[in-house]
Structures are given as structure tokens and as C-alpha cells.
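Every read-out reported here was derived from the displayed coordinates using simple, explicitly stated rules and does not represent laboratory data. Keep in mind that this is a model prediction, so the values were computed, not measured. Cβ atoms come from the backbone with ideal geometry, glycine included; neighbour counts cover every protein chain shown.
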Amino acid sequence: MTTTAPALRRRHGGIHRGEAASGWLFTAPMIVLLGLFLVIPVLMALWVSFSDWNGNGSPFASGVSFVGTDNYHAILAGGGLAEQDFGTALRNNAWYVVLVVPLQTALSLYLAVLVDRRMLRGRGFFRTAFYFPSVTSSVAITVLWLFLFSASGAVNQVLSWFGVHGPNWFSDPSGVIHDALQPLGVDQGPAALTQHGFLGVSWWDWIGGPSVAMTAFILMAIFTTSGTFMLVFLAALQNLSSEVTEAAMVDGANGWQRFWRITLPQLRPTLFTVLTLGLIGGWQIFDQIYTGTQGGPAKTTLSPAYLSYQTAFTNQQWGQGAAIAFILFVIIVAFTLLQRWVLRERGVPRRKRFGPVTPGPATPGATPAAPATASEVTP
């Protein structure tokens, strides 16, 4: 008995409908949980950022008014303390991200390549040792860092062995670039930088670099996160095919050439993942600031995440606190998209994609074409 085409379509359609129903049934609990504890709170916070809610009662009560973009205007162009605090927090966090993300990515990749070597003895020990700071509580690490980087801490003691008088790390608000310029006699920036600025902060302060206190937090972030990203790179390295590398070794490529031209291009998806996670984590720094300095000294360790918490829960300005959080969300999304564009796969040239053109059958009386050289084929 032959099965007709309409019967097959009905049978396959029924199977697909059954699979779709089963899929929705199994994912429904997680969708409900995400909706209740993620989507709805985010939408409520978005409404709060456009309202004058004072934190009492429901944000949807009749006494809560819609104020439009007033909260955003006060932060971005209000000209008052709210704008200046947000500009200061943005400057601090920008320097934090600029230094932490590349350094932790480079260090984690180096550690992954190091522990992936077969000739290294005790690889399991080194993997555990490098990863251990990542599983330690951030609060405990911050307390340890406060002890190590105190005026009489172990870090300054080690620096004294080399004749260097270490600073009082978490009490020094000066920028490291400004400190580096002082021995050169540069104590004050030009008027073009000191009299103009962005978000209430002069350009001279924007380019001053992270404060000495924020530098200690930068070192702590690199110390605690490199182990996690090391495991990500290590998993990617162990999944790479060794055939291309062995072929490059036969062709005479040295270790750096093999890494730069063969290994690293194959790690592009992993590199994008690590950079994205580092970027998101860098812009969301909160617990270290809350436990350590609470924005001090002189607001040089203030971050947008901590400023959002402080504005909402301490100053009871819930609309501005929510607005800061959503501005931070837009910043993270924008940098993630920019990073994705930079690390995108480039188009393969036509010659490289299709190879040299093979000449067809010779035409009687025609002059045969000269064979293409390597320089003509290779783009």
C-alpha cells in the first residue's frame, strides 16, 4: 500500500505540532519564572525611571505621576550635583573597563596556553591554583585587599625593599596619569582642558587616569577573574585541531607565528565571549565598591552601579536611580555591539574563496594562457 503525499504531509505536520507543544510545555515553567522575576521587574523599573515615585507604596498608585524624561535630564544635562556625580562615576568606570578587560583577557589567555602545554608538570595543580581566586567570595577578597594595600600593608612593605615609598592606596584620590606628569612639572592642565568638559567633569579630569584607589580595585579584578576566563580559553584550546598547527611546523613557522596566525584566529568566538563577559562585568562593578570604599576617596571609586544604588536607596531618589541603571544598560549594549562589529568575520576575497580559475579547453588557433604565479593567486 502506497502512502500518498498529502498523508505524509499530514503525518509530518502532526509530529511537528506535537514536538512544538511538548517544547512549550517543558519550557513553560522557566518562561513563567523569567517573566515574574525578570521581565516584570525590569518593566516596573523602567516605569519608575519616568515617574516621581518616592519609594512608598506601589509605583502604579494614583499618587505617582509621569514626569517624562526629567530624571534622565537631571543626570545627563541638569548641570547640578546629579550630573556631576554621574560624570565622575562614568569616568571612573570607563578607566576601570579600559584597563581591566584587555589585561584580564591577555593574562587569562597566557595562563591557558601555559597550562595547556603537555610538557608542563603539575598542570592540575596550576589550573586549580589559578582558578581558586575566582571561586572565593568577592567580599572576602575585598577585605583581604584592604589589608594588603593599607599604608603599612604587605604591598608597601615589598615596595620598600626596592626603595619605593608606596602610597596610602585606598585614601589617595589623585589620578595616576596626573601623578606621572608631576615630576615633569605639569601640575595644571591647559585652559582648553580645565575649562571645558563633559557631564560636569573637566576634560583634564577625564584624562587623569584612574585614581590610586581605583588602581587597587583594577588589580583585584584582574587577580580574581583571570582564572575563570583561563578555563574558557583552555576548553577552546583543547578543542582545536592540531593538524593545521603541525602543518605550519613542517613549513617552518615558529611558535609566535603559529599562535598569532593559526591559534588566535580559531579562538575568535571564544575571544568574543570572554571580552563580552569582561565588558559586562566591568561596567557592573558594585560589591567591591560597596564593601571597600563606598565611592571614596573624593568619589574617585564611585561607579554607575553603586551610584544607582546610592541614589535610590540612600537619597530616596528612586526615579534617578532607575534612570542611571537604564543608561548603564544602554552603555553595555552599545559597547557589546561595537565589540561584535570589530571582531566580526571579514569577507573572504573572491580569489581566495574560489581559488585560481582553471582554463577551459584550448580553442584551435588560440594562444595558450600563461599559468598564474603564486603572487597572482594569493591576494
request  = Only Lys, Arg, Asp and Glu count, each charged at its Cβ (+1, +1, -1, -1), so figure out the dipole size of segment 189-300 about its Cα centre, rounded to 20 debye.
outcome  = 140 debye
task = Step through the residues of segment 247-259 one at a time and calculate ³J(HN,Hα) from phi using the Karplus curve (6.51 cos²θ - 1.76 cosθ + 1.60, θ = phi - 60°), rounding each to whole Hz and writing x for Gly and Pro.
result = 5, 5, 5, 5, 6, x, 6, 7, x, 5, 5, 5, 5
query = With point charges of +1 on the Cβ of Lys and Arg and -1 on the Cβ of Asp and Glu, referenced to the Cα centre of the chain, which listed residue (THR291, SER152, ALA106) lies farthest in the positive direction of the dipole?
reply = ALA106
remark   = By the C-alpha gyration tensor axes a ≥ b ≥ c (rounded if a/c is under 1.5, else prolate when a/b exceeds b/c, else oblate), the shape of segment 190-335 is prolate
request  = Decide, for the chain, between rounded, prolate and oblate: order the square roots of the alpha carbon gyration tensor eigenvalues as a ≥ b ≥ c, take rounded if a/c falls under 1.5, and otherwise choose prolate if a/b is larger than b/c, else oblate.
outcome  = oblate
task = Could you check the simple spin-label distance between ALA61 and THR245, using points 7 Å along Cα→Cβ, in nm with one decimal?
result = 6.4 nm
query = Could you give the distance between the Cα centres of segment 81-112 and segment 292-348, to the whole Å?
reply = 11 Å
ask   = Using modelled amide H (1.01 Å from N, peptide plane; none on Pro or chain starts), what sits under 5 Å from the amide H of SER51, excluding residues fewer than 5 places away?
value = VAL67
ask   = Using the Cα gyration tensor of segment 20-71, with a ≥ b ≥ c the square roots of its eigenvalues, what is the shape: rounded (a/c below 1.5), prolate (a/b larger than b/c) or oblate (neither)?
value = prolate
message = Is there a quick way to get the dipole size of the chain? I mean about its Cα centre, with the Cβ of Lys and Arg at +1 and of Asp and Glu at -1; what is the value in debye to the nearest 20?
response = 1860 debye
task = Would you kindly derive the ³J(HN,Hα) couplings of segment 128-135 from the backbone phi angles with the Karplus curve 6.51 cos²θ - 1.76 cosθ + 1.60 (θ = phi - 60°), listing them in order in whole Hz, with x for Gly and Pro?
result = 5, 5, 5, 7, 4, x, 6, 9
inquiry  = Given the -39500 (n - 2.57) contribution per DSSP H run of 4+ residues, what per-residue ellipticity at 222 nm results for the chain, rounded to the nearest 500 deg cm²/dmol?
reply    = -18500 deg cm²/dmol
key: Vicinal HN-Hα couplings computed from phi for segment 289-296 (Karplus, 6.51 cos²θ - 1.76 cosθ + 1.60; Hz; Gly/Pro x)   = 5, 5, 6, x, 10, 6, x, x
